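Where a number appears in this text, it was derived from the coordinates with a stated rule and is not lab data. The shown structure was predicted, so the numbers you read here are calculated from the model rather than taken from an experiment. With ideal geometry, Cβ positions are generated from the backbone for all residues, glycine too; neighbour counts draw on all protein chains shown.
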Amino acid sequence: MTETLLQSWQNVWPDIKSTQPLDTGTGVIDQSAFNTIEVDKVFESVNHCSTTLGQAFLYRSLSRPLDDLEQLLAKQEAVAELQQNQGLREALERLLQHAADGEKNLYRLFYAEFVGSFGSARGEHEIEGYGYAQYKRGVRFMLDLVDGIRQIEAPKSRFLNGVFDKINAFAASRDYSLMAGPVYVTEGVIQAKEEKQGWFPISVIFKPRLFKPLIFIALAFLLGLLPMAMGITSPAQIIFFAPLFLVYFPIVGGYDRDTCIIPLRNQFRSSHAVGEALDALGQLDELLAFVKFSEAFGGDMALPKLIDAPHHRINLSAARNPVLGKTNPNYVANDFVLDDDKLVLVTGPNSGGKTAFCKTITQIQLLAQIGCYVPAKAATLTVADRIFYQAPEISHLVDGEGRFGTELKRTKDIFLATSAKSLVVLDEMSEGTTFEEKMESSTNVLTGFYRKGNSTVLITHNHQLVDHFIAQGMGIAKQVEFAHEAPTYRLIPGISRVSHADRVAKKIGFSKEDIDNYLAGSS
């Protein structure tokens, strides 16, 4: 049974980024790839959610993308229906806006701390008094969610229907019945109205309000008749019994809070039925965010064509980076095809756009695997069982191994976790060793990935390494284009053999001439 967002938030205030990637070889991406691909920035770009639940669901999708083709096709169908059915979209947007306005009431009921009858709440994380108002507002959020979904015409796509069904299933649950009330407390046991049988044993009916008519009438009767029965008739003597009214409030309020409200909120907070309904609301918000993202991006967007194949394939037409390309009409688009070649070797000077484009590939693959639109005129790809992006991690050196050992260990972990259906990007290889050892190690590793049959993209300055693989008929060579010593950010066929080190050194003021000038100035 999949953990719901509510379960991941046990005993803590809801955190949008509570979901973390799975371990290497377990999920589609691991923590290292998550960081290198800059998934947090992808989230910020795609995030057009209205609710905290929607944002948390989107972040969970990006942290743990799907690897099931049928699920993704069904999700795409739902996104397409929302794009095309304006009436359905508007109805869901109203539902989500209402949820966004009220969801903090639910979180306050579930997670805020009671400060006692005489305490004073200092913020939304605290509840003063007996908690009646917080209870009513919190359960009202869930009841309104059910009412809202019932008023929307059933969608056509099976995926959206399934999401609706989760909310309707909650309406048939015991927790929904308890929220709708009345609630019975029988010998310390909380029961829904469907569970109460007969009048015996006698039950206390909980309703979230301090004024209890029957108790109040009984107390008034007691205070009115008892003094007369005792022969007390003067007003001053009768007033003597008035303080009994003051006892009423802490006894009744404290009983409701401690016996009903707190146990009920603890039950709702740990309820799988409640969690499933809230996840469904989050998923509706996520799906609409995909549509809004496509409309706000400012350029061609496509739902990728997902195909089944024995090894990973990707074909992108006029692809742009999901983060850098958003609302940027001048961002340079590129085509990219990796089919039966399996290996692409990308060369070029620094600042030419190699890394940005390789992040574009992996970010588009990731978006495709959450069912989202991607920034391209067209995209055809397979579902990757693993998406890896290796870049140097200088700050995480393996004890005693140095940079070379640290990077090689990461490469080994990636290699062992991949299959023919994986996508792997390697940003430089075998750093921290001699050129000869770098050539030998890189050749061995790339040949191993090639034999595995997955899609591998290598970013490198080592054109000799690229020459070797092209001579062997293994892979294709791409380079970033420069014109007049300036990058065009286009990816074109070929191998870059030109170093722009002097251009970069001059740009930052540390060329040979600059060094000579510094020395001359200090003498």
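For residue 207, give me every one of the lysines with a C-alpha distance below 24 angstrom, ignoring sequence neighbours fewer than eight places off in its own chain. Reachable lysines: 104, 136, 193, 196. The angle between the Cα long axis of helix 272-296 and the main principal axis of the chain comes to about 50°, on a 0 to 90 degree scale.
Restricting to Cα pairs below 8 Å that are 6+ residues apart, what does the relative contact order work out to for the chain? Please round to a whole percent.
Values: 843 pairs, mean separation 90.7, N = 523.
RCO, the chain: 17 percent.
Put simply, the amide H of residue 127, placed in the peptide plane, has neighbours under 5 Å in 113, 114, 115, leaving out anything fewer than 5 places away on its chain.
Between residue 335 and residue 169, what is 0.36 nm times their sequence separation minus the Cα-Cα distance? Round to one decimal in nm. Don't skip to the answer; put the middle values down first.
Numbers: separation 166, 0.36 × 166 = 59.76 nm, distance 4.55 nm.
Result for the pair: 55.2 nm of gain on full extension.
Phi-derived couplings, Karplus 6.51 cos²θ - 1.76 cosθ + 1.60 at θ = phi - 60°, listed residue by residue for segment 148-158: x, 6, 5, 7, 9, 4, 4, x, 8, 6, 5 Hz, with x used for Gly and Pro.
Calculated FRET efficiency, residue 15 and residue 143, Cβ-Cβ r, R0 30 Å, to nearest 0.05?
Details: r = 25 Å, r/R0 = 0.85.
So, using R0 = 30 Å, E works out to roughly 0.75.
Its relative contact order, with pairs defined as Cα atoms under 8 Å and 6+ residues apart, puts segment 298-522 at 27 percent.
Once the Cα atoms are used to define both axes, helix 69-84 deviates from the longest principal axis of the chain by about 70 degrees. Note on residue 317 and residue 510: the extension gain reaches 65.6 nm, defined as 0.36 nm multiplied by sequence separation minus the Cα-Cα distance. With 31 Å as the limit on Cα-Cα distance, the pairs of 75/326; 421/478; 377/409 that go past it are 377/409.
Order the peptides 312-325, 164-177 from the highest to the lowest mean number of other Cβ atoms within 10 Å of their residues. Working shown, then result.
Working: 312-325: 22.1, 164-177: 17.2.
Final packing ranking: 312-325, 164-177.
Measuring between their Cα centroids, segment 436-510 and segment 300-352 lie 17 Å from each other. Annotation: amide H of residue 206 within the under-5 Å range of 183, 184, 185, sequence separation 5 or more or interchain, hydrogens built in the peptide plane. Rounded to the nearest whole Hz, the Karplus-based 3J(HN,Hα) values (6.51 cos²θ - 1.76 cosθ + 1.60, θ = phi - 60°) of segment 447-457 follow the sequence 5, x, 5, 4, 5, 5, x, 7, 7, 10, 10, with x at glycine and proline. With the cut-off at under 12 Å, measuring from each backbone N in segment 279-304 to a point 7 Å along the Cα-to-Cβ line of residue 44 picks out no residue.
A cut-off of 5 Å between modelled amide H atoms, ignoring neighbours fewer than 5 places along the same chain, links residue 302 with 374, 376. Dividing the summed helix terms, -39500 (n - 2.57) for each DSSP H run of n ≥ 4, by the number of residues in the chain produces a 222 nm estimate of -15500 deg cm²/dmol to the nearest 500. Our coupling estimate for segment 315-324, obtained by passing each phi through the Karplus curve with A = 6.51, B = -1.76, C = 1.60 and θ = phi - 60°, is 9, 10, 10, 6, 7, 10, 6, x, 9, 6 Hz, Gly and Pro reported as x.
Given the Cα-Cα distance of residue 84 and residue 495 and 0.36 nm per residue of separation, how much length would full extension add, in nm? If you can, show how the numbers build up before the last one.
Numbers: separation 411, 0.36 × 411 = 147.96 nm, distance 4.47 nm.
Taking residue 84 through residue 495 to full extension adds about 143.5 nm, to one decimal.
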